[in-house]
Each structure stands twice: as structure tokens, then as C-alpha cells.
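What follows is a single structure, written as C-alpha cells, with notes after it.
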Ligand SMILES: C[S@@+](CC[C@H](N)C(=O)[O-])C[C@H]1O[C@@H](n2cnc3c(N)ncnc32)[C@H](O)[C@@H]1O
């Protein structure tokens, strides 16, 4: 059982309200194939599926994927829900397969190249991920492994068309928002991504920053 299984079991992080960034990203766009990385209890997968997207949703938490499955069933939509540890390479992002890849509040730096490669030309990467720095109200020092550095996310997608990039100057006090600072991005793949193809033989991973317990 993961920490996240326990949190979902306690009813934490189970809101069905999607992040406003995803609503903004798909507004006026045609539906297509979407991948929700670290989907948790499925709020974004569900949001997309109920709007006609064909969604694959991946998470390591069995409680999270069970909630996602239940929510899909009770809303009468299909979501291809996969139980997999992304940090151990248990889910392979097929190249040039998706029109949208989203990542909300999950940082695994070596997944970005796979996410980039997994998008078709014209596809969107949409993310909101915790951000380090500059906030005196943080009670404890933050391990840089688990938070983005200022500008890091924008730099990763700098050759793409960046439709939106924002680094929250302060932690949010909104009840439904994450209490940490975040970096947000909507980046559109404009042409064949040469940089991503450099990583094409980079599989499988079996151990990295996010997991020291992958089976070899
Ligand atoms: C903060 S929650 C975010 C959930 C969802 N993206 C959302 O915004 O509601 C982080 C999620 O990452 C998942 N996660 C953590 N490590 C993972 C891994 N190695 N592989 C897949 N999912 C992982 C957790 O199970 C949890 O569901």
C-alpha cells in the first residue's frame, strides 16, 4: 500500500473538480487521445472523458485507480485505467500517440522526454507542478528532487509553442488549490521534436529519483 492509497482512503485529494488550467487548455479544441500521468482519483481523466476525449490514465495507487474506474463507470464513460509505477518504467508512453498529455502535481524529471515524444505534432502538454523557492512561509526546507526550480518547466519546452506559462508568486490560500507554489504550462508541439528523439532508446528505466524500490 502506498502513502497515496492511505490518503485516498482517508478521503483526501478526491475532489472531482479539475484544475482550471486543463479547462482552459481544451477550450475550443477538438477531442483526441489523452494521457493523464499520475491521475490520482481521476478528476482530470474524468473531465476529459466526459467531454469526448479518449483517455488513458496511469497511477501507482490502487486506491486511486479504483476511484477513477468507479467514477468512469458511474458517469457512463470509458477510461483506460492502468495501474503502473511510472518511476519504474511500468508504463511505456508510445511515441506520437497522444493529442494531450497532462501531469498535475507529479514530478518525475526523466518522464518529460517520454511525454514530449508521446505527443503528436500539434498535441499539448499541460501541467501544474510544485515549485520551489521564494516563499518565507514554507515551514520546512524543500527537497529539490520533489519540486521544480524557477523557470525549469519553461526551459524544458522552450522550442515548443508555449501558450501559457505561469509561476505562482505565492502559495495559494484558495481551499481547493494546492497549498504550495506551482508552475503551470500549456505547451504545443509544433513540429517533429528532435530533442525528444534523442532519448528514444532510453527504455526501460528501473530505478530513479522517484523510486528506489523498482523490481529489476
Ligand atoms: C498529488 S497526487 C496528484 C493526482 C492527480 N494528478 C490530481 O491532480 O488530482 C500525486 C499522484 O501521483 C501518484 N504517483 C506517485 N508516484 C507515482 C509513480 N511512481 N507512478 C505513478 N504514479 C505515482 C500518486 O499515487 C498520486 O495519485
Full-extension gain in nm, residue 80 to residue 214, via 0.36 nm per residue minus C-alpha separation: 45.9 nm
Neighbour-count order for 19, 83, fewest beta carbons within 10 angstrom listed first: 83, 19
Rough spin-label spacing in nm, given labels placed 7 Å along Cα→Cβ, for residue 163 and residue 29: 0.5
Label-point gap, in nm, between residue 73 and residue 105 - each point 7 angstrom along Cα→Cβ: 2.5
Cα centroid separation - region 1-77 against region 78-139, whole Å: 13
Burial ranking of peptide ranges 6-15, 67-76, 107-116 (average Cβ count within 10 Å, highest at the top): 107-116, 67-76, 6-15
Residues 214, 88, 39, 102 arranged by fewest to most Cβ contacts within 10 Å: 214, 88, 39, 102
Three-way shape call for region 45-149 based on the alpha-carbon gyration tensor, with the a/c threshold at 1.5: prolate
Sorted by Cβ density within 10 Å, fewest first, the residues 147, 92, 58: 92, 147, 58
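Readers should treat all values here as calculations from the given coordinates under stated rules, not as data from a laboratory. Everything quoted here is computed from the prediction, not taken from an experiment. Backbone-built Cβ (ideal geometry, glycine too); neighbour counts: all protein chains shown.
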